[in-house]
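Okay, so here's the structure we're looking at.
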């Protein structure tokens, strides 16, 4: 009922991809539905990642997160004006002392049909590969997916495993029914990024994105 109008609003605000899903089968989901929004990262900025994180990527990463948060706020306004509840989950968020956020963006994105989780523990979309950032809005507005679920399509590729200097990517095939620790060590990834103090506080790596052949850089 609301999907097309909301989708048009989100794309109009600058989202590159937008989708919707029901969370009834997601354990401990705080709301029954979700809006998933993706924003494509700049190819030119990603090319500045050359064997190590770059200041340009770090700055771009933060700017894109801010843009996603603003798009999510626009979704909240739309939903609340229709008489429903809406809770924006920040593009970059984590609970203190943990490596998880309030709600996993990739879960909403996969269930919305935007893409699948690759071996690099990133969402991989048909349109942009893994060079996207995500935000989520949780809601009680009834929303149905606009696209079918995407099949895992990494094949036998292990480029991200070879590219990860932290050894955080196991190479195992991810699954929403499993746990992230089965195929990705977030603590190893975080510890490695902290060594790049010259890039900026909370530096982000991006080497697995740069290595992904789905990205066509």
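FYI, it's all coordinate maths here, none of it is from the lab. The structure displayed is predicted, hence computed values, not measured ones.
Remarks
- Gyration tensor verdict on segment 2-41 (Cα atoms; rounded if a/c is under 1.5, prolate if a/b is larger than b/c, oblate otherwise): oblate
- Helix-only CD estimate at 222 nm, as mean residue ellipticity for the chain, using -39500 (n - 2.57) per DSSP H run (n ≥ 4): -8500 deg cm²/dmol
- Rounded if a/c under 1.5, otherwise prolate or oblate - the chain, Cα gyration tensor axes: prolate
- Rounded, prolate or oblate (a/c below 1.5 giving rounded, otherwise prolate when a/b exceeds b/c) for segment 43-89 by Cα gyration tensor: prolate
- Length released on extending from residue 179 to residue 43, taking residue separation times 0.36 nm less the Cα-Cα span: 45.9 nm
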